[in-house]
Amino acid sequence: MDGPDLTFSALVAARLLLAYAPLPEALKHDHQLSSPLTSYSRLREGIYLFEHGIDPYSGGSFRHSPLLLSLFSTVLPLTPYTSPLLWTAADAVAAWALVRIWRLRTGAKTTSRDGQVAAMYLLNPYIFLPSLALSSSSIESALALLALMFACRGRASASLLTLACLWHLSLPSLLLLAPILLLLITRPVSRLALPQPLGADLKRTLPLLAEFSAYSMLLTFASTLVCGNWDWVEKTWGASLTLPDLTPNPGLWWYFFTEMFDHFRPFFLMVFSVHLLIYIVPICVKFQHDFLYAAFVLIGVLALFKPYPTLSDPGLFISMFSLFPEIYPYLRHPIVTALIHLHASLLLPLFNSLWLRQGTGNANFFYASTLVFGVGNGAALLDAIWAGLRIAIGKVEDGYEVVQE
């Protein structure tokens, strides 16, 4: 076993030991680590109802995909012993996919940075804390990286099927469809320093889009067979569009709609939902020379504007920075961004506890910390976009400077 493989094995073993450590049960109910769409306790409740012949979607608490319902009620039953193993395995697969993407991007079978790339994922607190809370957002992150990895390898069917599964678990992940389709007809190698117009024929994406649609319809039909009705659509996909559960989370939506007058609610729901879609075309056009980087930026957009985010969403975005070391010298404010994230990571649990546990604060306390967290995520996203564009200019001679108008 060579060095990178040994490092990866050691990291996975450490994560597995941590998963079985006696941790507070409160982690599974922490609003920062799991949302109404990813909560482990709600998943267990839905499985219990399903196994006893009760439709789990007849109430208002279960909002997981029928795919998870059928998987964990038959093939992989959830117990106190198997759940930590399954979630650690999901993180291990995600880290392995991230390392594979890095190797495919560099064109090497193995590199000296493989261990660092894996560590950026497995040791990221934004990643392993939701995993310890058994949030299904960890599974979504693994599926996103697997879809990108298969796309980088040119395996269209595997990539599109994985993306279809991810879409069924998380509706906003549909933003990744365009960059993945375009990545399948190009190569994942770095072209940020030498941008060129897209030379591939866009018509080649049409059969790929049809294949993705076929997989999606197949999974939709299978989900309907599992549930016996179409109620799951409103409770799962509909939740991302109508925001019926205003449980606090690290995102920007919940407090805004808590204070919203009912007659304004449909309009702003439409605005917030459509707002996510406007980034797809500009980002794919601007980074048409590197669609892996376009997917990376869109993952950052999801981390910032997702309706029901957890810490896993910005964690995935931050971990993917390890794939693009060429942009490091061109980041404008990395220290400031890191300090904002550190500040937010201290404020979020503190104000959450003051409000919901000790009762000495109110919702404004926690929402103020989520705004700081949003500023940190936005700063990281803007830094990534700036560095991805700035690298093409290269070193600036004395007497000149690059300005942004």
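Points to keep in mind about this one:
- In the stretch 214-234, the residues that are among the β-branched types (V, I, T) reach residues that are part of a helix (DSSP H, G or I) with C-beta atoms within less than 6 angstrom, at least six apart or across chains, in these pairs: V226/P66; V226/S70.
- Scan of the stretch 309-339 for residues that are out of contact with any Lys or Arg (no Cβ under 9 Å at 6 or more places or on another chain), touching a residue at least 40 places away in the same chain (Cβ under 8 Å), aliphatic (A, V, I, L, M) and assigned to a helix (DSSP H, G or I), ordered by number: L316, I318, M320, V336
- The stretch 127-188 holds helices (runs of 4 or more DSSP H) entirely within its bounds, and those carrying 3 or more residues that are of a type in the set (G, A, S) and over 12 Å from the mean Cα position of the chain (by Cα) map to 156-169.
- Check on I391, open to solvent by 10 Å² or more (accessible area, probe 1.4 Å) and under 30 Å from L132 (Cβ atoms): no
- Cβ-Cβ under 8 Å pairs, at least 6 apart or on other chains, the stretch 45-59 side touching a residue at least 60 places away in the same chain (Cβ under 8 Å), far side among the β-branched types (V, I, T) and in a helix (DSSP H, G or I): none
- Among helices (runs of 4 or more DSSP H) entirely within the stretch 200-295, having at least 1 residues that are exposed (fewer than 14 other Cβ atoms within 10 Å of the Cβ) singles out 205-227, 253-258, 265-277, 280-286.
For every residue, the table says whether it meets (1) closer than 25 Å to P325 by Cβ; (2) open to solvent by less than 10 Å² (accessible area, probe 1.4 Å).
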{"residue": "P84", "(1), (2)": "no, no"}
{"residue": "A92", "(1), (2)": "yes, no"}
{"residue": "W96", "(1), (2)": "yes, no"}
{"residue": "P130", "(1), (2)": "no, yes"}
{"residue": "S136", "(1), (2)": "no, yes"}
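The values are calculated or read from the model by the stated rules, or taken from the named source; none is laboratory data. No experiment lies behind these values; they were computed from the predicted model shown. All Cβ positions, even for glycine, are placed from backbone atoms using ideal geometry, and neighbour counts span all protein chains on display. The accessibility values were calculated without ligands, DNA or RNA, using every heavy atom of the protein model including side chains. Shrake-Rupley method; radii C 1.70, N 1.55, O 1.52, S 1.80 Å.
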